[in-house]
Structure formats: structure tokens, C-alpha cells
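Reviewing the structure listed below.
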Amino acid sequence: MDKVIDKILSIFLIMFVVFLVLNEYYVIQFSGTLKNVLVFLTLILILMTSMKQLVTNKSGLARFINGVILFCTIVGGVFAIVNKSLNIFIYVSLLFAIVFSLISLVYKKG
């Protein structure tokens, strides 16, 4: 059951990031409120998946990557609130979260 929930969270995370990228390049157009909701849900999913992997995973590399994701998300979120703009920490956390979600979907059995 745990692996099914992990895969569902990974699919939702990838889907939300794809929607945000499509909105950024004007392929689809969301209202400001819907965009903020998608950003918030993406942030929550990144935090949930990285904390779950930190707590349950025994692999040192996976724990390190999820620690980097968690650190970059928190620091990037604080800097984004202070500076009112996106920063490199947010991009790094998004990149690592997407890559880790794709790896967990493709390579993990169950």
C-alpha cells in the first residue's frame, strides 16, 4: 500500500510541475489564484515525498538527495518570500524532485 501511495504522489507531483511549466510558457493559461494553488500543492507534495523518503528509505544516496530537496525547498521558499522572486534553490529542488519522482516511478518495483 505504501508503494502505491508513493507512486500516486509522484504522478501528481510530475503532473503539477508540468502544468506550471505549461502555464509559464503560455501553452495553457491559469488564473492567478489557480496558479498559486498549484504552486502551493506542488510545494506540499515535494515536502511530503522528501520527508517520507528521508524517514523510510535506507539508501544513503536517496536520503542525501531527499535531504538536499528538503533543504533547497525550505531555503528557496524563505528567499522567495523575502525577495518576492524565484531563486536557484527552488529550481534545484524542483529538478531533483522531478528526477527522483521519475526514478521512483520507473525503477522501483511494486
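In table form, for the structure just shown:
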read-out	value
Stretch in the chain that is longest and holds no trypsin sites (Lys or Arg not before Pro) that DSSP places in a loop and that have at most 14 other beta carbons within 10 Å	1-57
Label point distance in nm, residue 62-residue 109, each placed 7 Å from Cα along Cα→Cβ	1.4 nm
Separation of the residue 3 and residue 95 label points, Cα + 7 Å toward Cβ, nm	3.1 nm
Approximate shape of segment 2-106 as ellipsoid semi-axes (Cα gyration tensor, √5λ), whole Å, largest first	23, 17, 11
Fully extended contour minus Cα-Cα distance, from residue 88 to residue 30, at 0.36 nm per residue	18.5 nm
Segment 53-110 versus segment 1-43: alpha-carbon centroid distance in Å	15 Å
For segment 63-68, 3J(HN,Hα) per residue [Karplus equation, 6.51 cos²θ - 1.76 cosθ + 1.60, θ = phi - 60°, Hz, x = Gly/Pro]	5, 5, 4, 5, x, 5
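No lab work stands behind these numbers, since they all come straight from the coordinates. Just so it is clear, the structure is predicted and the values come from calculations on it, not from any experiment. Neighbour counts are summed over all protein chains in view; Cβ atoms, including those assigned to glycine, are modelled from backbone coordinates with ideal geometry.
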